[in-house]
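Input: a single structure, listed below in structure tokens.
The values are calculated or read from the model by the stated rules, or taken from the named source; none is laboratory data. The structure presented is a predicted model; accordingly, all values stated were derived computationally and were not measured. Neighbour counts run over all protein chains shown; Cβ positions are idealised from the backbone, glycine included. When the accessible area is computed, the model is the full protein with side chains, heavy atoms only, and any ligands, DNA or RNA have been set aside. Shrake-Rupley method; radii C 1.70, N 1.55, O 1.52, S 1.80 Å.
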Amino acid sequence: MRGEKGSITVFFSLIFTLIIALLCTVAESSKVYVSYARAKSMSYMAAESELAGYARELYDEYGVLAVWDKNISQSLRSFVELNNTDRSIVLEDVNIVGDNSVTKGGADDFIKQITDYEKYEVVEKGAEYIIECLNRYKESEGKAVDKRDDISKLFSEENSKRIDELSKFAKKTDKHIRRIINKKGDGLKISGRIEKMFEQEKDGFTNDGINQLKQEKEKMSKYIGTMNNIVSDIEKAGNNYEKKRQQVYEGFDEEIRKNVSDNWDSNSIVIKKIKDNLRLFEENEMAEFNNYVNSVEEGDKPDIEEIRKKIVGPLNSRLADTDTLIDSLIVNEDSIDENQKKNLKELYDTSKKLVQDGVLGLVIENADELSKNAISTDGLPSKETDSHSKIYTLDNLINKGLFVSYINNNFNCYTKSDGKDDTALLYEMEYIINGKDSDKNNMSATVTKLVAIRQVINNICILSDSSKISECEEAAMLISIVIGLPELEPAIKVLLIEAWALSESVWEVRELLKGNSLELIKSAKDWRTSLWGMGKSFSKECESLAGADSGDENNFEVKLNYEIYLDILLMIEGKIKLAYRTMDLMQANMAKKYNSDFRLADCVNCIDVRCDYSFNNVFLKLPVVQSVTGTKEEGYKKTINIKYSYIER
């Protein structure tokens, strides 16, 4: 009996040991789980506490949340230790994963904050309206026959000098061609007198007749010499013209080249034929005539009728052929009076100047009164990033429209600066579009772009108006005659169209800067400037048209003001430039108003952190357990990864 009782006690002891071990294991696991949960909770509380310390001024100014802290990991460690009341939980290390600054890894979250914020500030139709305007502009641009680059190249300052030189050579060539035209009929007059002498001296030449015949021979020789000299002068002037023409024609686009008709190409062929004709005249008919005169002087009495047929007939025929060739020469008519020439030359020079020169001085009458504010580009977010930055939010067109609306609501531009000087730049929207370091440079670039947009629209208007096209064609024809280059008529026509559209565009952008609105697509009734008045001071007539009602009240017209045109330019701008130039202004303004050391590169709006913890064990550190297991357990290691942001992911 005793042996049985002892056997049961040992068995129970073994079972009890296992139960105790199980209970200890459960308790240890629970302890580890609770410690892990507390560590995770402390990590999230630390992240929340860190993000709660956002830059209040940045939020007040621009409605965006970001923490300005140069040492995020140390701040997170402090928050964890502050919330840790369990000394068995030890924070070993805090590591920031990646670069989550606003200008780097957090850039897309920063942009999304803005678009989410803007949804509550504007009706979404506002963004759709901007997009509609953008699409209509792109459609208009696709319809335009845009030759600005070609015309700018053709009538550039350097090429214009070549054209002026070419004009001089052309006029010189025409001058010599007119000389040979004026000689038409002179040879036939001489041959006519010679023929008359043969009829009068049927019985043979008297001494007086021989002397007269010798005089006519000298006149004929002089005529031929003069003709040869003129032909030589024409060829020389023509060769110089041809060399200069080759330099100028390099600036022609293919379409203009096809329409170029150069007088010299045909005239050079005619001059060659006249030259050959004169050579044959000297070698044949004139040689026979000289021989006859010499023989008469020596006392010979050849048959007069036979000689007349042999010499006078071919002589007349050859000279008539020469006159026929002279008739086929083309020369520019010069029937334009001097006053009209002056006006045409002025129109031509004004058109070239408009195409060549910048437009800021034309659009803004007092350019010296523009803001002189400028910023240093050192340390700006846009200068420290690259084109491969990841900003996906602005890939969506609606989001981009919302972002542009945010820019319009939070930043100044030329028409709403009101002379305030509390920002680094006064023309902030213009900076986001162009990225220049000064207000004046940004304004100049913006005006150039606005003029370019309106010029496309105005080109369409001119090309669709037959009366305006006819006016340009007539002026181009007259100008080409005045400068002596009729072959440039097609190019001058395009120049006038571009310059006229540019002149109208300059006037329109001036109106935009005054706060007025312009029709997106215009018609002939909306036109303000004249071809002959472009480039001059804008007339009272133009100013009165600015306030005129253009069109029926029931006919809806899309009209855009300066700010909406800026919105269009912002929509066209690339997403990286758009985002980072906006950051530039935020940083520059915060630095000017609050703290000169403020940098968005030191700000975060999302946290991606890895926290390494160690938890003390309870039962595994008992000596008896370590003796049985043969190990020395110092605790548990756990890593907690946290991603936290101001926006929902």
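What the table shows:
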{"quantity": "Stokes-Einstein D (µm²/s) once Rh is taken as the Kirkwood radius of the stretch 22-107 over alpha-carbon pairs, at 4 °C in 1.567 mPa s", "calculated": "86 µm²/s"}
{"quantity": "Above-threshold pairs, the threshold being 29 Å between Cα atoms, out of 383/593; 31/70; 175/468; 493/514", "calculated": "31/70; 175/468; 493/514"}
{"quantity": "Per-pair calculated FRET efficiency, R0 = 60 Å: residue 422 and residue 183 via Cβ, rounded to 0.05", "calculated": "0.15"}
{"quantity": "About the Cα centre, charge dipole magnitude for the stretch 451-536 (Lys/Arg +1, Asp/Glu -1 at Cβ), debye", "calculated": "380 debye"}
{"quantity": "Nitroxide proxy distance, nm - points 7 Å out along Cα→Cβ at residue 530 and residue 44", "calculated": "7.8 nm"}
{"quantity": "Over 31 Å between alpha carbons, listed pairs 243/345; 275/353; 244/440", "calculated": "275/353; 244/440"}
{"quantity": "Sequence of 44, 594 from largest to smallest accessible area, 1.4 Å probe", "calculated": "594, 44"}
{"quantity": "Extension gain (nm, one decimal) between residue 378 and residue 214, 0.36 nm per residue minus Cα-Cα", "calculated": "49.7 nm"}
{"quantity": "Residue-span extension gain [residue 52 to residue 612] - 0.36 nm each, minus C-alpha spacing", "calculated": "199.3 nm"}
{"quantity": "log10 of Debye I(q)/I(0), alpha-carbon scatterers only, for the stretch 415-499 at 0.21 Å⁻¹", "calculated": "-0.90"}
{"quantity": "Highest-first arrangement of 421-430, 22-31, where packing means the average Cβ count within 10 Å", "calculated": "421-430, 22-31"}
{"quantity": "Solvent-accessible area, 1.4 Å probe, carbon plus sulfur percent, for the stretch 409-470", "calculated": "44 percent"}
{"quantity": "Net lengthening on full extension, residue 637/residue 246 (0.36 nm per residue, minus Cα-Cα)", "calculated": "132.5 nm"}
{"quantity": "Label-point separation, residue 452 to residue 397 (7 Å along Cα→Cβ), nm", "calculated": "2.2 nm"}
{"quantity": "Simple spin-label estimate for residue 70 and residue 193 in nanometres, 7 Å along Cα-Cβ", "calculated": "10.6 nm"}
